[in-house]
1. Which condition number in (1) assigned to a strand (DSSP E or B); (2) surrounded by fewer than 20 Cβ atoms within 10 Å (Cβ to Cβ); (3) of a type in the set (A, V, I, L, M, F, W, C); (4) modelled with pLDDT of 75 or more is the one that Leu88 fails?
2. Among residues belonging to the stretch 34-68 that are over 10 Å from the mean Cα position of the chain (by Cα) and under 17 Å from Tyr132 (Cα atoms), point out the one that is modelled with the lowest pLDDT.
Amino acid sequence: MNVIKFLLLCLFSFLFIFPADDAQARAKSYPLMCRGGGAMKGHFTTISVQLYFVGAKQSAGVRLPQAGECAWLDRGFLPGEPQKLHFLLDRGKPLLVEFGPQGVTNVRSDSSNLEYLVNNILKGQVFQVHAYRGQCPGDKCNVLTVTKVN
């Protein structure tokens, strides 16, 4: 049910993912493999998307993430490491959410990044992003900021 609410907000927002253009942020970001489904859930605002996941104990090189998990390619998640991905959004691209009796079935958008992410999450498939941990005090930086979607 949470996925339906999550995606219906998308429909009214007409948003798309716009990775950060900051070269310094891209330089310090690292690849992260995730698999949709399981305990993964999301939250849209007018300026961002946040995905909540379970940090895998092993690296994605040892074992691909299970449903709802994310893992670094070279190591598992450390205690206290953020388990929330943060995507910056930009307005202006139309979004089509398809759903039926079983819930949301597909998302189509002019933003291939948003379409790729949401559809892989819905189908429980693996996806990859590049992310880094924020460098400011407080809870606002207890997230992994996404700089690239593969």
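1. Result: Leu88 fails condition (4) only.
2. That would be Ser48.
The values are calculated or read from the model by the stated rules, or taken from the named source; none is laboratory data. None of these values were measured; they are calculated from a predicted model. So basically every Cβ, Gly included, is an ideal-geometry build from the backbone, and we count neighbours across all protein chains shown.
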